[in-house]
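The values are calculated or read from the model by the stated rules, or taken from the named source; none is laboratory data. This structure is a prediction, so every number in the text was calculated from the model and none was measured. Counting neighbours? That spans all protein chains shown, and the Cβs are built from the backbone with ideal geometry, glycine included. When the accessible area is computed, the model is the full protein with side chains, heavy atoms only, and any ligands, DNA or RNA have been set aside. Shrake-Rupley method; radii C 1.70, N 1.55, O 1.52, S 1.80 Å.
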Amino acid sequence: MMNKTKGSLWASFVIVCICNNITQAQIKLTGKDDPNSEWDLYMKGYVQMDAMLDFQEIQSKDGFAVPAITLPQQNSMSSSFSIKQSQIGLGVKQKNSDENLSVYLEIDFLGPNGTTAPRFRKGYITWRKFMVGQNWSNFSDVDIFPNIFDFAGPNGTMFIRSMQVRYTTNLSKKEQLSLSLEDPNTVSVTLPNSPADWKQKAIIPAFTTVYRYGNERDYFKAGGILAPISYEIKNDVQDKYNTHTTLGFGGMVSGRLYSNTLNNFRFQSSYGKGYATNNIVLNGGHYDAIPNVEKNTLETVSLLNLVGIYEHWWSPKWSSVIFYSYSQVGNKNFMPENMAKNFQNAGLNLVFQPYKKLRVGVEGNYGSFKNFANKKAEAFRLQFSTSLAF
C-alpha cells in the first residue's frame, strides 16, 4: 500500500513538472475573416505549473524573493506545487486605423493570503501615442527578463505595475522617448512607533522619462524617475496635521545585446533615493523612506541595484540562462535593524522547448542577505516547471 502511495506521489510530481513555461502567443477570436469587422478580439496567456523544493525556510513561495528568507535561518526542507503564475489576457484593438485604439485586460492567480484566486494584473487603453491604465511602470524594462521560470527573477530589477498616463513618441527610426505620470499610492514608507501622529499621504504623482535607442532585438535604455513622498505629522491630539513632502529620485540604464542568434547579454543598473518601491522584491516593503525621529522628518533611503544576465541556446530546442543580482540599501545610522542592508541572488537553468509554445525545465536559485543588525541568512531553491502558451 505504501509503495502504491509513493508511486502515485511520484506520478503527480512528474505530471506537474511536465507542464510549466512562459512563451508568448495569441489567439484571434473574432474579426480575422470578417472584412466588415472594425475590431479584432484576441486572447493570450499561458498555463504554468511549478514544483519547488526549498532547502531553507523562505516566506515567498511564488517567486524567489531574498528579503523573504526567514531570519534566524531555518534549515528545514519543504516543497510546494503551484499554478498561480498562469496568466490570461483579453484584448480588443481597432483594425486598419492610424488611431491605434485598443483595450487590454489581464489576470493571474496569485490571490490574497496565498490563495489560488484571480488577481488583476493589467488593464489599460491605448490611443495614438497615449496609454492610460495599469501596466508595467515606464521605469521598468520587461524586455530584459530572460528565458527563466521563477516569477521574480533577478531581485535587483525594476519591475512593478502601476496606474499611469504615458506618452510615447518615436524620435527617429531607432530612437524612442516615453514620459509618464504614475500613481503616488505606490510609495511605501516606514512610519515611527512614537507618540507623534504620522500619516502617509498621496498628493503628487511620480514622473518618469525613458529614452530607448536600438532595434527590436538589440537596444539600450536610460531613464529617470522623480517620486515625491508626502506625509502628515501632528505632535499632539489637538494639533492640526502639517503636510511635508520629500523628493525621491532614481536613474536606470538597461539593455540587451546579441552577439549572434545563440547568445545574448542583458543588464540593468539603477541608483537613487526614495524609489525602492520600483524594485521587484522591495515593493510594499517600506524601503522608500524612514523616520528620523530627532528631526521629526522622513528621510529617503538610497538603493543601488546591479543585474547581469547571460542567455545561451545550445540548440534550437535547448537553452540555459545564468544571472547574478546585487542590491545595496542605504546605511543611515537610524535604519531599523530588521531591514535588509544588502542582498544578492543568482540563478541557473536548463530549458527544453520541444515546440514553440511549450517549455519544460529545471532551475536553481540561490540568495543571501544581511540586515542592519548584521545578521545573515541564505536559501536555495530547486524548481521544476512546465508552461504551455496560447
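Structure notes:
- The residues of the stretch 226-282 that are assigned to a loop (DSSP other than H, G, I, E, B) and farther than 23 Å from Asp141 by Cβ, listed by number, are Asn235, Asp236, Val237, Gln238, Asp239, Lys240, Tyr241.
- Spans of strands (runs of 3 or more DSSP E) in the stretch 47-113 with at least 2 residues surrounded by 15 or more Cβ atoms within 10 Å (Cβ to Cβ) and polar (S, T, N, Q): 87-94
- The number of residues in the stretch 126-137 that are in a loop (DSSP other than H, G, I, E, B) and open to solvent by 10 Å² or more (accessible area, probe 1.4 Å) comes to 2.
- Residue list for the stretch 149-165, restricted to those being among the hydroxyl-bearing types (Ser, Thr, Tyr) and in a loop (DSSP other than H, G, I, E, B): Thr157
- Being surrounded by 15 or more Cβ atoms within 10 Å (Cβ to Cβ), within 18 Å of the chain's Cα centre (by Cα), farther than 27 Å from Ser79 by Cα and touching a residue at least 12 places away in the same chain (Cβ under 8 Å) is a description that applies to Tyr275.
- The stretch 32-46, residues that are crowded, with 18+ Cβ neighbours inside 10 Å and either at pLDDT below 85 or closer than 23 Å to Gly367 by Cβ (or both): none
- Whichever residue in the stretch 224-239 is within 12 Å of Gly250 (Cα to Cα) and either modelled with pLDDT under 95 or crowded, with 23+ Cβ neighbours inside 10 Å (or both) and, among such residues, is nearest to the chain's Cα centre (by Cα): Ile225
- In the stretch 144-160, the residues that are under 14 Å from Gly361 (Cβ atoms) and at pLDDT 95 or above: Asn147, Ile148, Phe149, Asp150
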